[in-house]
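Single-structure report; data block below.
The values are calculated or read from the model by the stated rules, or taken from the named source; none is laboratory data. Because the structure is predicted, anything quoted here is derived from the model rather than measured. Every residue, glycine as well, gets a Cβ built from its backbone with ideal geometry; the counts of neighbours run over all protein chains shown. Heavy atoms of the whole protein, side chains included, go into the accessibility calculation; ligands, DNA and RNA do not. Shrake-Rupley method; radii C 1.70, N 1.55, O 1.52, S 1.80 Å.
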Amino acid sequence: MAFECQESTEISKNLANYSESNHSSYNSAPENLETSKPSLDFNPKKGISSFYGSKQLPPNDVFTNARRSITDLPPALVSEILNCLDPKELGIISCVSTILHNIASEHHVWKEFYCERWGLPVASGLLGAGASDEKSWKKLFVERDFRSKTFLGRCSIDVLYGHTEAVRTVFLLASAKLIFTAGYDSVVRMWDMEEGLSIASSRPLGCTIRAVAADTKLLVAGGTDGFIHCWKAVESLKHLFDLKGVEKQNKEFRLWEHEGPITSLALDLTRIYSGSWDMTVRVWDRSSLKCTQVLRHGDWVWSLVPHDTTVVSTSGSDVFLWETNTGTLLNVVHNAHVGNTYALARSRTGDFLFTGGEDGAIHMFEIISGSDESSVVQVATWIPHSGAVYSLAFEFPWLVSASSDGKLALIDVRKLLRASKRTLGKSVSRDNDIDQRNIEPPQRMLHGFGCNLFSVGIGADRIVCGGEEGVVRIWNFSEALEIEQRARALRGIRLESRMRRRRLQIEMNNKGGRTDQCSVAAKKKTVNGDRNSVWHSKRSISSKVKT
């Protein structure tokens, strides 16, 4: 393992060189250990003066430290060292020895890796302090990372029928395994993600529904008449929401304040965010259902995505970054796309932003938060579509886009992120000038369907899309996961058999050189090599006698 610190590297080299020197020469000059200045210069006759400065240290302590490993360091220091590694490096460290395997596997940073990429798992309560029989965070991370690679494998397509007109919005609630869809027929429908069956549908809401958002407590739908229709979750229901209003009447209500069609909705733990063609983004308090902030723009608002105390919105061709508590405008990206900027997506840590526009391009930005102001820096650009990009969805490491050309593009952004201590990637590997030649094209294109795909969502192993055809399609990649798991098990069996054969071969070679003696004797007495030997001569004589 290579460290970036030059001083530590030089000291470690000096220690290694010194451990090979004569022990007697060290013990003969203990008085020379005392130094006056801290220096990195090393002299075997003067001891390790650079490391200990002007302090005098007994020679035996210095000599015993010369061959110590990382496991001899204090646990707090080892923990800090492991915090500087990314998941791949931490996995390599766990393969070095049994001690490092135990330290690296149970390190708390695995939980941070998991939550920064995918958030808390559904059964996060099972991973408490007393849940020793549950899976470790490392196992959860490895399984989820392995599952994310199946989007390049085989998939099956399920087509859900039920809407009578175009589907304008889809929302995938993976934690509850539910899909919500709505469109021009003014009906919100709820589907089972696993079975692909319709669970319930709302009454006609009277206008086109262009936006839907949900969590396990609340479902909201925005209409072109300017209202936000809300359903509260019912604890007694298996599928959370009573869309038909049969159970309880007080679980359904509307919010009115927008003066134009609502185009985008989002939820967090305490707020509701809504964007409209009335050129405003409104922030609502979920407990009081009051509008707390109004963020005004100069053009129609097409999309928004919140994170923590900030929200990013698109208006016309510009991208805006707002502080939601005070309503302060932090930054503006002017003319992000040629034409309108229709789609937004954001990483779970909020550091990276993805935009899609009318020009068919997809841009990736990094949001750098400073003490005084926040800056937005462009990182990469893709142009996978020949039509406008209407929707984006992000689930680490995959970015999915839906376009008017009837295609879906899957882009792996893992290589654009540089792992750091506590974030998905606080810094991006970039130079002063972005080299587009180093940016990989989309890893996969899903096509062959009708034009105008309006909305897309992505889950652990599924992609959901709706468009002008009036149907909802689900790309199911769970079959690819099962195939890859079987192939992985076969590779493990083959590797184990190879290692077993190698161990047997080593044991046979270490039995005292008997194999070598036999090979020498075989070389001296070859059967077919020397035709003039005694054995061949006798055989020829006997054959002549018989004739």
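Just the number, please: carbon plus sulfur as a percent of the accessible area of region 462-505, 1.4 Å probe, no ligands or DNA/RNA counted.
Looking at region 462-505 in its full context, I get 51 percent from C and S.
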**OP:** Kindly rank 393-399, 307-313 from highest to lowest mean number of other beta carbons found within 10 Å of each residue.
**Re:** 393-399, 307-313
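Given a 1.4 angstrom probe, I'd like the percentage of the accessible area of region 193-352 that is carbon and sulfur, rounded to a whole number.
C and S fraction of accessible area: 48 percent.
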Original post:
What is the gain in length, in nm to one decimal, between His108 and Ser198 on full extension, counting 0.36 nm per residue of separation less the C-alpha to C-alpha distance?
Top reply: 28.3 nm
**OP:** Could you rank the peptides 282-289, 255-262 by their average count of other C-beta atoms within 10 Å per residue, with the highest value first?
**Re:** 255-262, 282-289
Original post:
Val379 accessible area, nearest 10 Å², 1.4 Å probe?
Top reply: 10 Å²
**OP:** Please give the solvent-accessible surface of Tyr184 in Å², to the nearest 10, using a probe radius of 1.4 Å with every protein chain present.
**Re:** 90 Å²
Subject >> Centroid-to-centroid separation of region 372-404 and region 146-185 [C-alpha atoms, Å] >> reply: 20 Å
Subject >> Counted charge near Gln293, where neighbours are those whose Cβ lies closer than 11 Å (Asp, Glu -1; Lys, Arg +1) >> reply: +2
Subject >> Heavy atoms of Asp351: accessible area, 1.4 Å probe, square angstrom to 10 >> reply: 20 Å²
Original post:
Can you pick out the pairs among Lys177/Lys232; Lys177/Lys251; Lys149/Lys407; Lys251/Lys407 whose Cα atoms lie more than 29 Å from each other?
Top reply: Lys251/Lys407
Original post:
Net charge near Glu479, counting Lys/Arg +1 and Asp/Glu -1 over other residues with Cβ under 13 Å of its Cβ?
Top reply: 0
Original post:
Solvent-accessible area per residue for region 322-393 at a 1.4 Å probe radius, Å²?
Top reply: 39 Å²
Subject >> Contour minus Cα-Cα distance for Glu257 and Gln485 (0.36 nm per residue) >> reply: 76.9 nm
Original post:
Suppose R0 equals 25 Å; then what is the FRET efficiency for Thr216 and Cys291 from their Cβ-Cβ distance, rounded to the nearest 0.05?
Top reply: 0.60
Subject >> Within-11-Å neighbourhood charge of Asn325 [Cβ basis; K, R +1; D, E -1] >> reply: -1
